[in-house]
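**Student:** The structure follows.
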Amino acid sequence: DIDIDAVRIANVNAETNRLTMKSFLPPLQETEDSESKSLLMKAHSISENEVLDDDGFLYDACVANILAGPLVTLAPRLASMVKPKGYLGLSGILKAQAEMVTEAYSQYFDSVVVENEMEGWILVTGIRKGS
């Protein structure tokens, strides 16, 4: 995620529900759009390093509910965290942005499709390439 509060809340919720899951802020250099960079700069400045680095662990699934611009920028990073044949679920995407997002993730995931649409917002899913 690119919002410090969302990262902290997600980590508390995971711990409360005894899930092996860690949310974190991506490095600043992985963002290109000015909106994401601005949010991340603010988040990094107040994070006290507790949510900055991922642990290198490969996960069975990745779920992200952020805007299309940051999702496209983060495609390589998010893909690198998912096991081969792992699942992807992306939301926070407007219907008009579907092609941009599916194209970015198709490099790393098979069967990247718009799974669902509700009131102009879409859910994109896929399965990580690899054996």
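**Student:** Does any residue in segment 51-70 that is of a type in the set (Asp, Glu) come within less than 8 Å, Cβ to Cβ, of a residue that is surrounded by 12 or more Cβ atoms within 10 Å (Cβ to Cβ) and modelled with pLDDT under 85 six or more places away or on a different chain, and which pairs are these?
**Tutor:** ASP53/PHE24; ASP54/LYS22; ASP54/PHE24; ASP55/LYS22
**Student:** Still on this structure: Quick one: MET118 ticks every box in (1) within 23 Å of ALA6 (Cβ to Cβ); (2) at pLDDT 90 or above; (3) buried (at least 17 other Cβ atoms within 10 Å of the Cβ); (4) of a type in the set (A, V, I, L, M) bar one, so which box is it?
**Tutor:** Checking MET118 against (1) within 23 Å of ALA6 (Cβ to Cβ); (2) at pLDDT 90 or above; (3) buried (at least 17 other Cβ atoms within 10 Å of the Cβ); (4) of a type in the set (A, V, I, L, M), the one that fails is (3).
**Student:** Moving on. Scan segment 121-131 for residues that are under 18 Å from PRO76 (Cβ atoms) and open to solvent by less than 70 Å² (accessible area, probe 1.4 Å) and jot them down. Let's see the steps before the verdict.
**Tutor:** Just the residues of segment 121-131 that are under 18 Å from PRO76 (Cβ atoms), to begin with: 124, 126-130.
Matches in segment 121-131: VAL124, GLY126, ILE127, ARG128, GLY130.
**Student:** Can you say whether PRO70 is within 15 Å of the chain's Cα centre (by Cα), open to solvent by 50 Å² or more (accessible area, probe 1.4 Å) and within 24 Å of LYS22 (Cα to Cα), as far as the supplied structure shows?
**Tutor:** Details: within 15 Å of the chain's Cα centre (by Cα): yes; open to solvent by 50 Å² or more (accessible area, probe 1.4 Å): no; within 24 Å of LYS22 (Cα to Cα): yes.
When the stated conditions are applied, PRO70 does not pass them.
**Student:** I want to confirm something. Restricting to segment 54-77 and keeping residues that are part of a strand (DSSP E or B) and of a type in the set (A, V, I, L, M, F, W, C), which single residue is nearest to GLY89 (Cα to Cα)?
**Tutor:** Once the filter is applied, the top-ranked residue is VAL63.
**Student:** Filter segment 83-103 down to residues that are within 16 Å of ASN65 (Cβ to Cβ) and open to solvent by less than 50 Å² (accessible area, probe 1.4 Å) and give me whichever is farthest from the chain's Cα centre (by Cα). Give the steps one after another, and end with the answer.
**Tutor:** Residues of segment 83-103 that are within 16 Å of ASN65 (Cβ to Cβ), as a first pass: 87-95, 97-98, 101.
From the residues that got through so far, the ones that are open to solvent by less than 50 Å² (accessible area, probe 1.4 Å) too are 88-93, 98, 101.
Values: LEU88: 9, GLY89: 9, LEU90: 7, SER91: 9, GLY92: 10, ILE93: 12, ALA98: 15, VAL101: 12 Å.
For segment 83-103, the residue satisfying everything is ALA98.
**Student:** Only one of these is under 13 Å from the mean Cα position of the chain (by Cα), modelled with pLDDT of 65 or more and surrounded by fewer than 17 Cβ atoms within 10 Å (Cβ to Cβ): ALA79, ALA10, ALA61. Name it.
**Tutor:** Values: ALA79 fails: surrounded by fewer than 17 Cβ atoms within 10 Å (Cβ to Cβ); ALA10 fails: surrounded by fewer than 17 Cβ atoms within 10 Å (Cβ to Cβ).
That would be ALA61, the only listed residue that is under 13 Å from the mean Cα position of the chain (by Cα), modelled with pLDDT of 65 or more and surrounded by fewer than 17 Cβ atoms within 10 Å (Cβ to Cβ).
**Student:** On the basis of being open to solvent by 50 Å² or more (accessible area, probe 1.4 Å), not in a helix (DSSP H, G or I) and not charged (D, E, K, R), does VAL112 make the cut?
**Tutor:** Working: open to solvent by 50 Å² or more (accessible area, probe 1.4 Å): no; not in a helix (DSSP H, G or I): yes; not charged (D, E, K, R): yes.
For VAL112, the condition - open to solvent by 50 Å² or more (accessible area, probe 1.4 Å), not in a helix (DSSP H, G or I) and not charged (D, E, K, R) - is not met.
**Student:** For segment 13-37, which residues satisfy the criterion of being open to solvent by less than 90 Å² (accessible area, probe 1.4 Å), modelled with pLDDT under 80 and not hydrophobic (A, V, I, L, M, F, W, C)? Let's see the steps before the verdict.
**Tutor:** Taking segment 13-37 first, the residues open to solvent by less than 90 Å² (accessible area, probe 1.4 Å) are 13-14, 22-28, 30-31, 33, 36-37.
Restricting the remaining residues to those that are modelled with pLDDT under 80 gives 22-28, 30-31, 33, 36-37.
Once the filter is applied, which keeps residues that are open to solvent by less than 90 Å² (accessible area, probe 1.4 Å), modelled with pLDDT under 80 and not hydrophobic (A, V, I, L, M, F, W, C), segment 13-37 yields LYS22, SER23, PRO26, PRO27, GLU30, THR31, ASP33, SER36, LYS37.
The values are calculated or read from the model by the stated rules, or taken from the named source; none is laboratory data. Quantities reported herein were computed from a predicted structural model and do not represent experimental measurements. Here the Cβ is made from the backbone with ideal geometry for all residues, glycine too, and neighbour counts use every protein chain on show. Note: areas computed on protein heavy atoms with side chains; ligands, DNA, RNA excluded. Shrake-Rupley method; radii C 1.70, N 1.55, O 1.52, S 1.80 Å.
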